[in-house]
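Bear in mind these aren't lab numbers, they're just calculated from the coordinates by the rules spelled out. These numbers come from a predicted model, not from an experiment. Virtual Cβ from ideal backbone geometry, glycine too; neighbours counted across all protein chains shown.
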Amino acid sequence: MIFDATKATLPLKLETDLLVVGSGAGGLTVAMTAAEAGIRTLVLEGGGFLTPSEMTQREEQMFPHLFQDSGSRTTVDRGVKLHQGRGVGGSTLHNLNLCKRIPSEIRARWTQQRGLSSLPPERWDALYDEVEKLVRVSTVPRQLWNRHNRLLEDGCAKLGWKGGGLSHNRSGCLGSGFCEVGCSYNAKNNALKVMLPRAISAGAEVLTHCVAVRLLHEGGAVRGITAVAIDPVTRRVLGEVTVTAKRVCLSASATGTAALLLRSGVPDPSGETGQTLRVHPAVIAAGDFDEDVRAWEGVPQTYECTEFLQLDQEHGHRAWVLPAFAHPVGTATMVPGHGATHRALMERYPHLAVFTAMIHDLTPGEVRPDGDLGLSLRYWPDAADRAELSLGLWASAKLLFAAGARRVLVPTRSPKVLLPGDDLEWLKTMPIEKGEIDLVAVHPMSSVPMGDDPKRSPVGSDGRHHHLQNLWIADGSLFPTSIGIPPQLSIYAMGLHVGQHLARG
Ligand SMILES: Cc1cc2nc3c(=O)[nH]c(=O)nc-3n(C[C@H](O)[C@H](O)[C@H](O)COP(=O)(O)OP(=O)(O)OC[C@H]3O[C@@H](n4cnc5c(N)ncnc54)[C@H](O)[C@@H]3O)c2cc1C
Ligand code: SF4
């Protein structure tokens, strides 16, 4: 059953065997696995519950439902915009469905540096096999590649750069192009469609519009949680919800989980909790083409350029180039300039192709709780990461010109307009300065990194917290470093892994 906390008589006191906080990729997978193993499970979700038929394909209506802070979450200095999901299904409701496994070289480095005794290579492989079957991962058929993605393919072919088609977790996709505002056609094999029904039919319950505030713990063991029911429109606190639980699993994402742990004073002698956030920051460049590109139509991302993504090497390049999806309101917020300049650029909207360079980042960022309900984020890439972003910008501009762009725009405060034949080499070392260029990130992770040694890490590689009994973690927080690839598949895998350990006791 799914209940709405705002409709309950408040204050509300509940009791369960397993309490899961957050219903995204990690949370609903843990809930499904635990409930199917016979564990009485309750999930708390800060956002609401929407069915596909309620996803209206309108940015202004969907962003407040599907995104934290209606899509306006940023670092405290506003240098980086961080898009994260809310609602039953979490960030899997609006994500772009790309699926990849973490390269074995990255996993081997983790084993070497942090042990991860519960995750030997054969365990990872088995988890990925199971998850790929669960969310039905397949290669995106070529007939679903839109012009936008084919331009990236053309650019790679002309430059002789490495690239290829991508895999996704969709079935029955109509290519409507509305993925980022939720799929009205229920074509995404995400946590809402795949894990939620199984969790519910195994007896799990979900309480929506209920934000967890603090873990209740004493004597070195967790006892439950205090939470509040929140009005979805005004964000006003309506009353208190207290849940007593034998076990608690935090799956509130790499930002939410770290903030909860810190707000609750959960011990961590390693000091890592909330201090090692990675986000895969990204920059964009836009190409103006004579032809109609109509980038909003079709499956948003089906082709990748991996010429500068050398994840198999410890010190290789770390920039991944993809087409960037572009709805009108989102585009208008990214397009530089005001008044007539802005309007002139927006009038070219059907002709624009936008490529993004996202990096496998090394810079540690910080998550802190902000009062009872908020959190604050500090993150700005260091010099080495900024150099990869500049390289990614240069690569994006080269690819756009190779694909036939008649000008390329770099959206710095005063936009840089490049013409065919211009020297582009300076872009490789262009300073990435706060306030001068916007960075966007959609993959928060690594804020509560797993490791075998309790002195050096807060949580074990089975998801069990090292310093508070009966506390578990299952979301993107667990990765010891950035992963350089889309994270959802690996977070679903962590949900299965932790859920199976939880079920064993
Ligand atoms: C625009 C966009 C596109 C993306 N595209 C891809 C892609 O193509 N492929 C890919 O692999 N990944 C993609 N991602 C990322 C991917 O969706 C996330 O990495 C993944 O869903 C994170 O899983 P999670 O379980 O850590 O957190 P989430 O899925 O974000 O779930 C966390 C949930 O916890 C809830 N919550 C937080 N705090 C509390 C609290 N205190 N109390 C109660 N509930 C709380 C939130 O409301 C949310 O529902 C994309 C993300 C975005 C934003
Ligand atoms: S492109 Fe496919 S998955 Fe995305 S919203 Fe449209 S039908 Fe759904």
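So what does the Cα-only Debye profile of the range 393-505 read at q = 0.11, 0.19 Å⁻¹, as log10 I(q)/I(0), no solvent term? Taking Cα atoms of the range 393-505 as identical point scatterers yields -0.58, -0.93. Using Cβ point charges alone (K and R +1, D and E -1), the dipole size of the range 174-328 about the Cα centre works out to roughly 1060 debye.
Computed log10 I(q)/I(0) for the chain at 0.09 Å⁻¹: -0.59, from the Debye equation with unit scatterers placed on every C-alpha and solvent omitted.
The long axis of helix 383-402 is offset from the longest Cα principal axis of the chain by roughly 50 degrees.
Annotation: amide H of HIS217 within the under-5 Å range of ARG223, sequence separation 5 or more or interchain, hydrogens built in the peptide plane. When the trypsin sites (Lys or Arg not before Pro) in the range 192-293 are filtered for DSSP coil states and for at most 13 other beta-carbon atoms within 10 Å of their beta-carbon, the remaining sites are ARG235, ARG236. For LYS398, the lysines whose Cα comes closer than 22 Å to its Cα, not counting residues fewer than 8 places off in the same chain, are LYS158, LYS162, LYS416, LYS428.
Ranked by how many other Cβ atoms sit within 10 Å of their own Cβ, fewest first, the residues SER176, SER446, SER264 fall in the order SER176, SER264, SER446.
Annotation: amide H of THR302 has no partner in the under-5 Å range at sequence separation 5 or more or interchain, hydrogens built in the peptide plane. The mean sequence distance of close C-alpha pairs (under 8 Å, at least 6 residues apart), as a share of the length of the chain, puts its relative contact order at 24 percent. Loop exposure criterion: GluC sites (Glu not before Pro), DSSP state outside H, G, I, E and B, at most 10 other Cβ atoms within 10 Å. Applied to the chain, the longest stretch between such sites is 1-313.
Relative to one another, the C-alpha centroids of the range 160-200 and the range 1-33 are positioned 25 Å apart.
Once you reduce the range 264-333 and the range 419-457 to the center of their Cα atoms, the two points are 9 Å from each other.
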